[in-house]
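Engineer: After the structure tokens below, expect a handful of questions from me.
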């Protein structure tokens, strides 16, 4: 992993957001080796909500993708593994998925995997907000490049509010309509 994103780390034991970060670090350290043994990558981890509405989202990826049967098996295995995790003794719903066709971009590795794809990026710098739409043409540990209709734009990760890939479904021509006009 790069300098931009690591599993969150917390230095103090307090309630609130810092406690959630500690739990994510603990959960990451349990889930990542399990998935590595399954020859999969822990792509992302999110713990959202609280009480009975708490959701743990585990996003996994593999060299040739991950099919639905594999996700179901992983969900059962991760559920058993996480039942013993002290930070998750409260109620939670486990969601295990692949990144999908349209995916959130949250770490430098997500951007590198999405090179050549169309993206939408919302940024904020001080009082200035912007939205960029175009092809992701470059990414390193500190920034990425979106080539849109006004040319390439370099964006530092710390300015990103949200970013995702965009899947364009191209309509197939109707039968008999695709013929070359003479």
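The values are calculated or read from the model by the stated rules, or taken from the named source; none is laboratory data. On a predicted model such as this, the values are computed, not experimentally measured, just so you know. Here the Cβ positions follow ideal geometry from the backbone for every residue, glycine too, while neighbour counts run over all protein chains shown.
Engineer: Restricting the first residue to the range 153-182 and requiring it to be assigned to a loop (DSSP other than H, G, I, E, B), which pairs with a second residue that is modelled with pLDDT of 95 or more and surrounded by 10 or more Cβ atoms within 10 Å (Cβ to Cβ) meet a Cβ separation below 6 Å and a spacing of at least six or different chains?
Structural biologist: Close Cβ pairs (under 6 Å, with a partner that is modelled with pLDDT of 95 or more and surrounded by 10 or more Cβ atoms within 10 Å (Cβ to Cβ)) amount to 166/118; 166/120.
Engineer: I'd like to know if the range 81-104 contains one or more residues that are over 27 Å from residue 30 (Cβ atoms), touching a strand residue (DSSP E or B) at 6+ places or on another chain (Cβ under 6 Å) and in contact (Cβ under 8 Å) with a residue 24 or more places away in the chain.
Structural biologist: Restricting attention to the range 81-104, the residues satisfying the condition of being over 27 Å from residue 30 (Cβ atoms) are 101-102.
Then keep just the ones that are touching a strand residue (DSSP E or B) at 6+ places or on another chain (Cβ under 6 Å); that gives 102.
If we keep only those that are in contact (Cβ under 8 Å) with a residue 24 or more places away in the chain as well, we get 102.
Yes: one or more hits.
Engineer: Regarding the range 105-122, can at least one residue be identified that is assigned to a strand (DSSP E or B) and either without any contact (Cβ under 8 Å) to a residue 24 or more places away in the chain or buried (at least 18 other Cβ atoms within 10 Å of the Cβ) (or both)?
Structural biologist: Looking for residues that are assigned to a strand (DSSP E or B) and either without any contact (Cβ under 8 Å) to a residue 24 or more places away in the chain or buried (at least 18 other Cβ atoms within 10 Å of the Cβ) (or both), one finds at least one in the range 105-122, hence yes.
Engineer: With respect to residue 47, determine if the residue is modelled with pLDDT of 90 or more and touching a strand residue (DSSP E or B) at 6+ places or on another chain (Cβ under 7 Å).
Structural biologist: No: the conditions fail for residue 47.
Engineer: Across the range 30-46, what is the number of residues that are part of a strand (DSSP E or B) and surrounded by fewer than 16 Cβ atoms within 10 Å (Cβ to Cβ)?
Structural biologist: Within the range 30-46, residues that are part of a strand (DSSP E or B) and surrounded by fewer than 16 Cβ atoms within 10 Å (Cβ to Cβ) number 1.
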